[in-house]
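To keep things clear, I will list the structure first and then write my remarks on it.
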Amino acid sequence: MCRVLEADGLAAFRGERLVFAGLSFKVANGGALLLVGPNGSGKSTLLRLIAGLVRAEAGRLLWGGQDVFADLAEHAARVTYVGHLDAIKPGLTVAENLAVWGNRVALEPALAAVGLTQLADLPAKMLSAGQRRRLALARLVLRPAAIWLLDEPTLGLDTASVERFGSMLAQHRAGGGVVLAATHLPLPLPDAGELALA
Amino acid sequence: MGMFLIVLRRELRLSLRHGSDTVAALLFFVLAAALFPLAIGPAPETLGRMAPGIVYVCALLAALLPLDRLFGADLEDGSLDHLLLSGLPAPLVALAKSAAHWLTTGLPLLIAAAPIATMLRINDDALPVLLLGLLPATLLLSLFGTVGAAIVLGARRGGVLLPLLVLPLTVPVLIFGVGAADAASGGLTARPHLLLLAALLAAAIPLCPLAAGSALRSAAE
């Protein structure tokens with residue numbers, strides 16, 4: 001089945017400021033969209049809007065022709081969001097940080113996907129910035145979600161980790177998943193479309 | 001229900017790892033209550049008469065201590081976004097937080113209240129009623145506190161605003177809770193006071209999570 005994420009005339013405020021308006025795009029399954037633009041242009045706000053965290057002031061967002069804002073709980077199940085904050089609790093171990101958010105069976109594959117298997121029992125406060133980022137990215141593998149929303153996903157990652165992340169992205173897209181990413185760094189997303197925000 | 005328990009378990013695990021919040025609230029409760037005999041004198045009659053009020057006020061203030069971190073830590077590290085995207089509606093996230101606050105702060109305060117009240121020479125008849133009243137009262141403090149913590153989330157000087165917001169809400173809890181213990185102490189029935197506390201709790205259980213959930217959604221934007 002062809003599932004398309006389609007935005008039509010989206011507008012959003014950040015506080016009192018209109019961040020963007022009249023934003024439209026379309027991403028089919030297996031597709032990817034890179035959000036580009038200067039700081040403050042609304043890339044993160046758009047990702048948060050698609051996740052359902054920010055309310056759209058105008059416009060529609062459709063997934064497979066259905067309005068996603070009509071049932072946010074259902075939409076949450078099809079979205080995995082990795083924001084620019086890692087959402088890691090330093091008092092918990094690496095494995096415990098992941099176990100909170102998903103299936104325990106998927107824990108090992110998720111840790112393996114980001115190369116953190118050896119550190120599973122280490123308190124997260126001992127991790128470096130790059131390792132913390134890898135742990136945040138492990139959530140993508142933890143539960144199946146059709147739409148990956150990524151805000152500066154490779155910030156702080158070394159070359160090997162970026163390559164590993166590229167494989168995760170390719171596998172997700174090959175399975176029909178959709179990727180939307182905001183970044184200022186090169187991302188391993190071949191054939192991705194671009195949406196420029198002013 | 002499954003996700004609710006997962007979030008509750010997460011909160012309890014985090015509290016256990018950072019046990020300092022619970023210990024700080026308990027120590028504050030004990031120390032604040034221990035100041036009263038020094039301030040007003042050790043006369044058993046005076047202390048005994050004031051004991052329910054002292055216990056309630058100290059418990060109320062102690063319960064406020066961990067509230068600014070209830071959602072604040074999750075907002076700072078980005079976990080709040082994941083809680084809101086967990087599939088659990090925001091009011092139930094707030095309810096799980098309230099339950100965790102009660103289990104890690106309200107319940108320990110309730111348990112500590114017995115020796116504190118005894119130290120303050122509370123009337124023997126009033127002690128069981130005081131503890132019975134503290135059960136809904138501490139639950140109410142957690143529910144009101146959760147609403148306050150969610151509303152001030154992200155606000156500048158939220159730690160100062162929080163008590164200003166929560167303390168007025170707790171006035172009925174204070175009045176009926178202390179009233180119940182005073183009634184028992186005077187040989188009267190405490191039932192009406194306790195029923196009013198129960199009625200407040202029955203109203204707060206559905207309403208407070210709704211209010212806190214809306215505030216959380218607003219803070220996440």
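Couple of notes before you dig in:
- Taking every residue in region B:61-83 that is under 16 Å from B:R156 (Cα atoms) and pairing it with any residue that is outside any helix (DSSP H, G or I) and not charged (D, E, K, R), at least 6 positions away or on another chain, the pairs with Cβ-Cβ distances below 6 Å are B:F71/B:L153; B:L75/B:L153.
- Meets criteria (modelled with pLDDT under 95, more than 23 Å from A:V94 (Cα to Cα) and crowded, with 21+ Cβ neighbours inside 10 Å) for A:G177: yes
- Flag for A:R55 being touching an Asp or Glu at 6+ places or on another chain (Cβ under 9 Å), under 30 Å from A:F20 (Cβ atoms), away from chain B (no Cβ under 14 Å) and among the charged types (D, E, K, R): no
- Qualifying residues in region B:89-116 (those that are in contact with a Phe, Trp or Tyr (Cβ under 6 Å, 6 or more places away or on another chain) and under 30 Å from A:V79 (Cα atoms)) - the one surrounded by the fewest Cβ atoms within 10 Å (Cβ to Cβ): B:L92
- In region A:64-106, residue surrounded by the most Cβ atoms within 10 Å (Cβ to Cβ) [restricted to those that are in contact with a helix residue (DSSP H, G or I) (Cβ under 7 Å, 6 or more places away or on another chain) and more than 13 Å from chain B (Cβ to nearest Cβ)]: A:V94
- Some residue of region A:14-33 being closer than 27 Å to B:V93 by Cα, within 17 Å of the chain's Cα centre (by Cα) and assigned to a strand (DSSP E or B): no
- Here the condition is being in contact (Cβ under 8 Å) with a residue 40 or more places away in the chain and surrounded by fewer than 16 Cβ atoms within 10 Å (Cβ to Cβ); of A:G40, A:G31, A:G9, A:G22, it holds for A:G9 alone.
- The set of residues in region A:54-68 that are closer than 19 Å to B:G213 by Cβ and out of contact with any Lys or Arg (no Cβ under 8 Å at 6 or more places or on another chain) contains only A:R55.
- Some residue of region A:187-198 being buried (at least 19 other Cβ atoms within 10 Å of the Cβ) and either part of a helix (DSSP H, G or I) or basic (K, R) (or both): no
- Test result for A:V114, within 14 Å of chain B (Cβ to nearest Cβ) and crowded, with 21+ Cβ neighbours inside 10 Å: no
- Those helices (runs of 4 or more DSSP H) lying entirely in region B:78-191 with at least 1 residues in contact with a Pro (Cβ under 6 Å, 6 or more places away or on another chain), under 16 Å from B:R217 (Cβ atoms) and of a type in the set (G, A, S): B:90-101
- Per this entry, A:L149 is counted among residues that are in contact with a helix residue (DSSP H, G or I) (Cβ under 8 Å, 6 or more places away or on another chain) and not charged (D, E, K, R).
- Any hit, region A:64-73, residues being part of a strand (DSSP E or B) and either modelled with pLDDT of 90 or more or out of contact with any Leu (no Cβ under 6 Å at 6 or more places or on another chain) (or both): yes
- Verdict on A:T80 being closer than 20 Å to A:V178 by Cα and of a type in the set (S, T, Y): yes
- Candidates are the residues of region B:71-100 that are within 13 Å of chain A (Cβ to nearest Cβ) and of a type in the set (D, E, K, R); the one that is nearest to the chain's Cα centre (by Cα) is B:D74.
The values are calculated or read from the model by the stated rules, or taken from the named source; none is laboratory data. Quick caveat: nothing in here was measured; it's all calculated off a predicted structure. Glycine also receives a Cβ, built like all others from the backbone with ideal geometry; neighbour counts cover every protein chain displayed.
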